[in-house]
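Below is one structure; the comments refer to it alone.
The values are calculated or read from the model by the stated rules, or taken from the named source; none is laboratory data. This is a predicted model, so every value here is computed, not measured. As a convention, Cβ positions derive from the backbone with ideal geometry for all residues, glycine included, and neighbour counts pool all protein chains shown.
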Amino acid sequence: MNEMDKLESILPEWLETSRLQSADGTVATYIPELSKAPQDLLGIQIMDKSGRAVSAGDTDFSFTLQSISKVFTLILALMDHGEDAVFSKVGKEPTGDNFNSMMKLELIQPAIPFNPLINAGAIVVSSLIKGDTAEHKSARILEFFRELAANPELDYDLGVYHSESETGHLNRSMAYFLLDKGILQGKVEEVLDVYFRHCSVKVNCADLARMALVMANNGTDPLTGKSLIPKRYVQIAKSFMITCGMYNGSGEFAIGAGMPAKSGVSGGILTFVPGRFGIGVVGPALNPKGNSIAGVDLIERLSREFEWSLF
Ligand code: DON
């Protein structure tokens, strides 16, 4: 039996076992709109390079990218400006702090955020996206996401966007701090609008799997043959995903699954097996580190069974 056939036969049952973990997690409430997601929801899609997809669970559910978007805005900023310019504004190191912490910003000089996947770093990255206006920058980001997901229908969840924009006081305070330190340039409210918008792009597991497949294939969509990301930038993004993609849970996930991954507070996880599979998961109940509790459980079990770990 080949791997996809085996996945097809075991996935529904394995998903139901992992789903039980959801009871021990917590759906995010700090963005009020996210609190509406069902606690025990869990879905997964795995796609190989021929386009064959295996899925299980609640794959119809739509959710917002949240922090998963940060991987792709980083890539777009790198495509816009190159490595030297981007990494003069944001660092390359894990923090060991929560994703929305600003603690370390005051401790180092210059006050550049530790990495592009924490909120402070991603806000700086949003300020680097090329475009004449905030609308133009957001349109370029959305167009890039649509290409990666091979889905021209991708759009914002405006309910989540407004909900975060109205309540994102901590992100606002970070952005003003970074303005004061000369790290952030431009109009802060416009930068934040670009950031809140890319976090609120609505996807499903199939969209995530397809975006992940492009990463797994070093930046080329294997189904269209179109090169969407230079290989070097996939390499950079992949390194950040391993070291910081699951925040404070990144080391644990590297040991448990050993795959590049990025989580979002909506419960999404984008992960992949380089050269082989793109994987999209959603499970809104989060563990204390802010990662989908059932999603992590399922990916770790699959990785062990199929020996997907890079290490
Ligand atoms: O800025 C925020 O807080 C959210 N838009 C994104 C945070 C997030 O997804 C953290 N992930 N676990």
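Structure data summary
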quantity	calculated
Which listed residue is surrounded by fewer than 15 Cβ atoms within 10 Å (Cβ to Cβ), within 26 Å of Pro284 (Cβ to Cβ) and not polar (S, T, N, Q), from Glu143, Glu166, Glu106	Glu166
Phe177 being among the aromatic types (Phe, Trp, Tyr), more than 17 Å from the chain's Cα centre (by Cα) and surrounded by 15 or more Cβ atoms within 10 Å (Cβ to Cβ)	yes
Residue among Gly278, Gly268 that is touching a residue at least 12 places away in the same chain (Cβ under 8 Å), within 16 Å of the ligand (Cβ to nearest atom) and under 20 Å from Ala206 (Cα atoms)	Gly268
Members of the range 151-163 that are away from the ligand (no atom under 16 Å from the Cβ), surrounded by 14 or more Cβ atoms within 10 Å (Cβ to Cβ) and either part of a helix (DSSP H, G or I) or without any contact (Cβ under 8 Å) to a residue 40 or more places away in the chain (or both)	none
Number of the exception - Ser55 against (1) surrounded by 14 or more Cβ atoms within 10 Å (Cβ to Cβ); (2) in the same structural domain as Val296 (by TED's automatic domain parsing); (3) within 16 Å of the ligand (Cβ to nearest atom)	(3)
Any chance Ser239 is small (Gly, Ala, Ser) and under 15 Å from the mean Cα position of the chain (by Cα)	yes
Some residue of the range 73-91 being within 22 Å of Leu270 (Cα to Cα), within 17 Å of the chain's Cα centre (by Cα), within 16 Å of the ligand (Cβ to nearest atom) and assigned to a helix (DSSP H, G or I)	yes
Residue in the range 24-46 that is hydroxyl-bearing (Ser, Thr, Tyr), in the same structural domain as Lys262 (by TED's automatic domain parsing) and away from the ligand (no atom under 16 Å from the Cβ) present	no
Subset of the range 92-119 [under 15 Å from the mean Cα position of the chain (by Cα) and outside any loop (DSSP other than H, G, I, E, B)]	Asn119
Which numbered condition Gly251 misses (of (1) surrounded by fewer than 18 Cβ atoms within 10 Å (Cβ to Cβ); (2) closer than 24 Å to Ser88 by Cβ)	(2)
Residue that is modelled with pLDDT under 95, buried (at least 21 other Cβ atoms within 10 Å of the Cβ) and touching a helix residue (DSSP H, G or I) at 6+ places or on another chain (Cβ under 9 Å), where the choices are Leu148, Leu184	Leu184
Positions within the range 26-59 being over 13 Å from Val282 (Cα atoms), part of a loop (DSSP other than H, G, I, E, B) and not hydrophobic (A, V, I, L, M, F, W, C), in sequence order	Thr29, Tyr30, Lys49, Ser50, Gly51, Arg52
Failed item, numbered, when Asp180 is tested on (1) in the same structural domain as Val273 (by TED's automatic domain parsing); (2) without any contact (Cβ under 8 Å) to a residue 24 or more places away in the chain	(1)
